[in-house]
1. Does region 18-39 contain at least one residue that is out of contact with any Ser or Thr (no Cβ under 8 Å at 6 or more places or on another chain), under 17 Å from I128 (Cα atoms) and aliphatic (A, V, I, L, M)?
2. Take region 37-55 and flag every residue that is open to solvent by less than 10 Å² (accessible area, probe 1.4 Å) and either out of contact with any His (no Cβ under 7 Å at 6 or more places or on another chain) or among the acidic types (D, E) (or both).
3. Can you pull out the residues in region 1-33 that are in a helix (DSSP H, G or I) and of a type in the set (V, I, T)?
4. Six or more apart or on different chains, Cβ under 7 Å: which pairs go from a residue in region 79-105 that's more than 10 Å from G53 (Cα to Cα) and part of a helix (DSSP H, G or I) to one that's among the polar types (S, T, N, Q) and at pLDDT 95 or above? Could you list them?
5. How many residues, within region 16-36, are under 30 Å from M103 (Cβ atoms) and surrounded by 18 or more Cβ atoms within 10 Å (Cβ to Cβ)?
6. Can you name every residue in region 56-112 that is modelled with pLDDT under 95 and open to solvent by 80 Å² or more (accessible area, probe 1.4 Å)?
7. In region 118-131, what residues are surrounded by fewer than 16 Cβ atoms within 10 Å (Cβ to Cβ) and aliphatic (A, V, I, L, M)?
8. Just for region 134-172: of the residues that are modelled with pLDDT under 90 and basic (K, R), which one is most open to solvent (accessible area, probe 1.4 Å)?
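The values are calculated or read from the model by the stated rules, or taken from the named source; none is laboratory data. All values derive from a computational prediction rather than experimental measurement. Quick reminder, even Gly has a Cβ in these numbers, built from the backbone with ideal geometry, and neighbours come from all protein chains shown. Ligands, DNA and RNA are stripped out before the accessible areas are found, and what is left, the full protein with its side chains, is counted by its heavy atoms. Shrake-Rupley method; radii C 1.70, N 1.55, O 1.52, S 1.80 Å.
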Amino acid sequence: MSIAQTLLAEFEVQAPVTRKFLERLPEDKLTWKPHEKSMTAGQLAYHLAFVPGGVIRAAQNNPQQAPDFKFPQPASHQEILKTFEESIATVRSTLPKFDDAAMRETWRLVAGDQELLAEPRQDFLRDIMFSHWYQHRGQFSVYLRILGVPVPASWGPSADEPPAFVPKAKSA
(Lines give C-alpha, C1' and ligand atoms only; values in the text may rest on other atoms or scores of the structure.)
Protein backbone atom coordinates (compact mmCIF):
# COMPACT_ATOMS: atom_id res chain seq x y z
CA MET A 1 0.00 0.00 0.00
CA SER A 2 1.34 3.46 -0.86
CA ILE A 3 1.85 6.19 1.74
CA ALA A 4 -1.13 8.10 0.33
CA GLN A 5 -3.33 4.99 0.46
CA THR A 6 -2.34 4.39 4.09
CA LEU A 7 -3.19 7.98 5.04
CA LEU A 8 -6.45 7.85 3.10
CA ALA A 9 -7.46 4.63 4.87
CA GLU A 10 -6.98 6.34 8.24
CA PHE A 11 -8.87 9.40 7.02
CA GLU A 12 -11.82 7.24 5.91
CA VAL A 13 -12.05 5.77 9.42
CA GLN A 14 -11.71 9.11 11.22
CA ALA A 15 -13.91 11.34 9.03
CA PRO A 16 -17.19 9.71 10.18
CA VAL A 17 -16.05 10.03 13.81
CA THR A 18 -15.41 13.74 13.33
CA ARG A 19 -18.76 14.11 11.57
CA LYS A 20 -20.52 12.73 14.67
CA PHE A 21 -18.87 15.43 16.77
CA LEU A 22 -19.81 18.20 14.32
CA GLU A 23 -23.40 17.00 13.99
CA ARG A 24 -23.93 17.34 17.73
CA LEU A 25 -23.25 21.07 17.98
CA PRO A 26 -26.58 22.78 18.69
CA GLU A 27 -27.43 25.57 16.23
CA ASP A 28 -28.05 28.00 19.09
CA LYS A 29 -24.54 27.46 20.51
CA LEU A 30 -22.44 28.55 17.50
CA THR A 31 -21.31 31.75 19.23
CA TRP A 32 -20.81 30.21 22.69
CA LYS A 33 -17.25 29.99 24.01
CA PRO A 34 -15.90 28.63 27.29
CA HIS A 35 -13.51 31.53 27.88
CA GLU A 36 -12.93 35.00 26.44
CA LYS A 37 -9.63 33.81 24.86
CA SER A 38 -11.24 30.72 23.29
CA MET A 39 -12.70 30.27 19.85
CA THR A 40 -16.47 30.09 19.70
CA ALA A 41 -17.97 26.63 19.35
CA GLY A 42 -18.87 27.52 15.77
CA GLN A 43 -15.34 28.67 14.95
CA LEU A 44 -13.83 25.51 16.39
CA ALA A 45 -16.35 23.30 14.59
CA TYR A 46 -15.67 25.15 11.33
CA HIS A 47 -11.93 24.68 11.87
CA LEU A 48 -12.49 20.93 12.38
CA ALA A 49 -14.51 20.84 9.19
CA PHE A 50 -11.98 22.84 7.16
CA VAL A 51 -8.64 21.37 8.31
CA PRO A 52 -8.37 18.18 6.21
CA GLY A 53 -9.22 19.85 2.91
CA GLY A 54 -7.22 22.98 3.69
CA VAL A 55 -4.15 20.99 4.66
CA ILE A 56 -4.21 18.74 1.60
CA ARG A 57 -4.62 21.80 -0.64
CA ALA A 58 -1.61 23.42 1.07
CA ALA A 59 0.43 20.24 0.64
CA GLN A 60 0.10 20.57 -3.13
CA ASN A 61 2.18 23.78 -3.11
CA ASN A 62 5.87 23.63 -2.41
CA PRO A 63 6.77 26.00 -0.94
CA GLN A 64 3.47 27.06 0.62
CA GLN A 65 2.94 30.54 2.05
CA ALA A 66 1.81 30.38 5.69
CA PRO A 67 -1.91 30.98 6.12
CA ASP A 68 -3.26 33.91 8.11
CA PHE A 69 -4.83 31.61 10.72
CA LYS A 70 -8.14 33.45 10.88
CA PHE A 71 -11.03 31.45 12.24
CA PRO A 72 -14.30 32.48 10.58
CA GLN A 73 -17.56 32.46 12.48
CA PRO A 74 -20.01 30.26 10.56
CA ALA A 75 -23.51 31.60 10.09
CA SER A 76 -25.15 28.20 10.54
CA HIS A 77 -24.62 24.60 11.51
CA GLN A 78 -25.34 23.71 7.88
CA GLU A 79 -22.36 25.83 6.77
CA ILE A 80 -20.09 23.75 9.01
CA LEU A 81 -21.42 20.45 7.65
CA LYS A 82 -21.20 21.67 4.05
CA THR A 83 -17.59 22.75 4.63
CA PHE A 84 -16.85 19.31 6.10
CA GLU A 85 -18.34 17.52 3.08
CA GLU A 86 -16.28 19.70 0.74
CA SER A 87 -13.19 19.00 2.83
CA ILE A 88 -13.78 15.24 2.65
CA ALA A 89 -14.22 15.43 -1.12
CA THR A 90 -10.99 17.43 -1.46
CA VAL A 91 -8.99 14.89 0.54
CA ARG A 92 -10.46 11.98 -1.42
CA SER A 93 -9.67 13.57 -4.77
CA THR A 94 -6.26 15.07 -3.95
CA LEU A 95 -4.46 12.74 -1.54
CA PRO A 96 -4.28 9.74 -3.94
CA LYS A 97 -2.44 11.91 -6.49
CA PHE A 98 0.70 11.97 -4.30
CA ASP A 99 3.05 9.11 -5.10
CA ASP A 100 5.56 7.90 -2.52
CA ALA A 101 8.32 10.09 -3.96
CA ALA A 102 6.13 13.17 -3.52
CA MET A 103 5.28 12.07 0.02
CA ARG A 104 8.97 11.78 0.91
CA GLU A 105 9.84 15.11 -0.73
CA THR A 106 10.78 17.92 1.66
CA TRP A 107 7.78 20.21 1.90
CA ARG A 108 8.27 23.81 2.98
CA LEU A 109 6.09 26.38 4.71
CA VAL A 110 7.30 29.94 4.30
CA ALA A 111 6.34 33.45 5.38
CA GLY A 112 7.66 35.66 2.63
CA ASP A 113 11.30 34.67 2.26
CA GLN A 114 11.56 33.06 5.71
CA GLU A 115 11.30 29.27 5.92
CA LEU A 116 9.11 28.28 8.87
CA LEU A 117 8.98 24.54 8.38
CA ALA A 118 10.73 21.96 6.23
CA GLU A 119 9.82 18.29 6.56
CA PRO A 120 8.77 15.37 4.38
CA ARG A 121 5.27 15.98 3.01
CA GLN A 122 4.04 12.76 4.65
CA ASP A 123 5.16 14.10 8.06
CA PHE A 124 3.39 17.41 7.46
CA LEU A 125 0.19 15.53 6.59
CA ARG A 126 0.53 13.25 9.63
CA ASP A 127 1.23 16.19 11.95
CA ILE A 128 -1.31 18.71 10.70
CA MET A 129 -4.01 16.85 8.77
CA PHE A 130 -4.26 14.15 11.44
CA SER A 131 -2.63 14.92 14.82
CA HIS A 132 -3.69 18.58 14.73
CA TRP A 133 -7.21 17.51 13.68
CA TYR A 134 -7.44 14.97 16.51
CA GLN A 135 -6.21 17.52 19.05
CA HIS A 136 -8.96 19.95 18.04
CA ARG A 137 -11.55 17.16 18.06
CA GLY A 138 -10.57 16.49 21.67
CA GLN A 139 -10.84 20.20 22.42
CA PHE A 140 -14.30 20.22 20.80
CA SER A 141 -15.37 17.28 22.98
CA VAL A 142 -14.76 19.49 26.02
CA TYR A 143 -16.96 22.19 24.48
CA LEU A 144 -19.73 19.62 23.96
CA ARG A 145 -19.36 18.32 27.52
CA ILE A 146 -19.60 21.82 29.02
CA LEU A 147 -22.68 22.49 26.87
CA GLY A 148 -24.34 19.33 28.20
CA VAL A 149 -24.27 17.65 24.79
CA PRO A 150 -23.53 13.90 24.75
CA VAL A 151 -19.95 13.37 23.59
CA PRO A 152 -19.48 10.77 20.85
CA ALA A 153 -17.07 7.89 21.31
CA SER A 154 -13.92 8.14 19.23
CA TRP A 155 -11.20 5.49 19.67
CA GLY A 156 -12.69 4.30 22.91
CA PRO A 157 -15.81 5.06 24.88
CA SER A 158 -16.90 8.47 26.04
CA ALA A 159 -18.88 8.87 29.23
CA ASP A 160 -21.96 8.93 26.99
CA GLU A 161 -21.52 6.06 24.52
CA PRO A 162 -19.44 3.00 23.74
CA PRO A 163 -17.14 2.92 20.72
CA ALA A 164 -18.64 1.70 17.43
CA PHE A 165 -16.90 -1.68 17.68
CA VAL A 166 -18.74 -2.62 20.90
CA PRO A 167 -22.14 -4.17 20.15
CA LYS A 168 -25.10 -2.52 21.82
CA ALA A 169 -26.95 -4.62 24.37
CA LYS A 170 -30.21 -6.07 23.09
CA SER A 171 -33.31 -4.93 24.91
CA ALA A 172 -35.30 -7.68 26.52
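1. So far as region 18-39 goes, no, none of its residues is out of contact with any Ser or Thr (no Cβ under 8 Å at 6 or more places or on another chain), under 17 Å from I128 (Cα atoms) and aliphatic (A, V, I, L, M).
2. A41, G42, A45, A49, P52, G53
3. I3, T6, V13, V17, T18
4. As it stands, the answer is D100/S2; M103/Q122; R104/Q122, since those pairs meet every condition given.
5. Going through region 16-36, the residues under 30 Å from M103 (Cβ atoms) turn out to be 16-22.
Remaining after also requiring surrounded by 18 or more Cβ atoms within 10 Å (Cβ to Cβ): 18, 21-22.
Of the residues in region 16-36, 3 are under 30 Å from M103 (Cβ atoms) and surrounded by 18 or more Cβ atoms within 10 Å (Cβ to Cβ).
6. Scanning region 56-112 gives D68, F69, K70.
7. A118
8. The residue in question is K170.
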